[in-house]
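Reviewing the structure listed below.
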Amino acid sequence: MSWFEALVLGIVQGLTEYLPVSSSGHLAIGSALFGIEGEENLAFTIVVHVATVFSTLVILWKEIDWIFRGLFKFQMNAETRYVINILISMIPIGIVGVFFKDTVEQIFGSGLLIVGCMLLLTAALLAFSYYAKPRKKESISMKDAFIIGLAQACAVMPGLSRSGSTIATGLLLGNNKARLAQFSFLMVIPPILGEALLDVLKMMKGEDVAGDIPALSLMVGFVAAFISGCVACKWMINIVKKGKLIYFAIYCAIAGVVTIACTLLK
């Protein structure tokens, strides 16, 4: 992987991690166009995902600071309940990560046909949440947090947008748009950092996780994903507030059809 390929894919990851169009699907498409496969693609995906976590920490620092200030009061307050909801949302993705990690990695290497199909599913989910009019709620309940967590677990499929799935699911449950966007971005931090920690432990044991990717390419990809992620995170919160997800549904539908057509005609 050259530094230019890393730059392009890093920007793609940063933008699509927060926009509801599937970062994994776009990375798979971009990697296929550049001819990047196997462990090299997996290692780069982990690096740029960590970069977008850091962009979340920067953009939502006030919310994170609010959470920790309240949490260390050691009482059952709004901040503590928020942390409990995040922990509950992690249960489904934790189960997938522990018991189905190898299966997920095989799916990521199974070609673009599944990416195209999942992009169509993302489009359908976004469109449905746009036109549905559920009863509005003031806060995210523990039950809703678990259901949103289930959506995040399903979104390990390449092409099924994590942010699109979690936000659309939360909207269908009737949750507040602005609070839902923040919760969706914050709930992904622990799983991604946990995955990164596991890979660091693998490297310490001598396992070749990074493949043959040059250090410069990893660095360029990280910086590109971080900067574009900061822009996209702030942009996406405003988009959710205004309820403009239907445009992303149209984009995902077009991208899905084109991906499937190109795969079948190859």
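The values are calculated or read from the model by the stated rules, or taken from the named source; none is laboratory data. It should be emphasised that the depicted structure is a prediction, and the values quoted were computed from it without experimental measurement. All Cβ positions, even for glycine, are placed from backbone atoms using ideal geometry, and neighbour counts span all protein chains on display.
Listing for the model above:
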read-out: Filter pass, GLU17 being touching a residue at least 24 places away in the same chain (Cβ under 8 Å) and within 30 Å of GLU138 (Cα to Cα); value: yes
read-out: Residue count for the stretch 200-233, restricted to those that are over 20 Å from TRP3 (Cα atoms) and at pLDDT 65 or above; value: 5
read-out: Which listed residue is in contact with a Pro (Cβ under 6 Å, 6 or more places away or on another chain) and closer than 23 Å to GLU195 by Cα, from ALA43, ALA28, ALA51; value: ALA28
read-out: Subset of the stretch 71-99 (residues that are at pLDDT below 90 and either at positive phi or of a type in the set (Lys, Arg) (or both)); value: LYS73, PHE74
read-out: Qualifying residue in the stretch 67-79 (condition: surrounded by 16 or more Cβ atoms within 10 Å (Cβ to Cβ), in a helix (DSSP H, G or I) and either under 18 Å from the mean Cα position of the chain (by Cα) or of a type in the set (D, E, K, R) (or both)); value: yes
read-out: Residue list for the stretch 31-58, filter: part of a helix (DSSP H, G or I), small (Gly, Ala, Ser) and at pLDDT below 80; value: SER31, ALA32, GLY38, ALA43
read-out: Close pairs (8 angstrom Cβ cut-off, 6 or more residues apart or separate chains): touching a residue at least 24 places away in the same chain (Cβ under 8 Å) in the stretch 41-63, basic (Lys, Arg) and assigned to a helix (DSSP H, G or I) anywhere; value: ILE59/LYS234
read-out: Residues located in the stretch 141-183, provided they are touching a residue at least 24 places away in the same chain (Cβ under 8 Å), of a type outside the set (A, V, I, L, M, F, W, C), under 21 Å from VAL83 (Cα atoms) and surrounded by 24 or more Cβ atoms within 10 Å (Cβ to Cβ); value: GLY149, ARG162, SER163, SER165, GLY170, ASN175
read-out: Total residues in the stretch 234-254, condition small (Gly, Ala, Ser) and modelled with pLDDT of 90 or more; value: 2
read-out: Whichever residue in the stretch 80-95 is under 9 Å from ALA145 (Cβ atoms) and not aliphatic (A, V, I, L, M) and, among such residues, is surrounded by the fewest Cβ atoms within 10 Å (Cβ to Cβ); value: ASN85
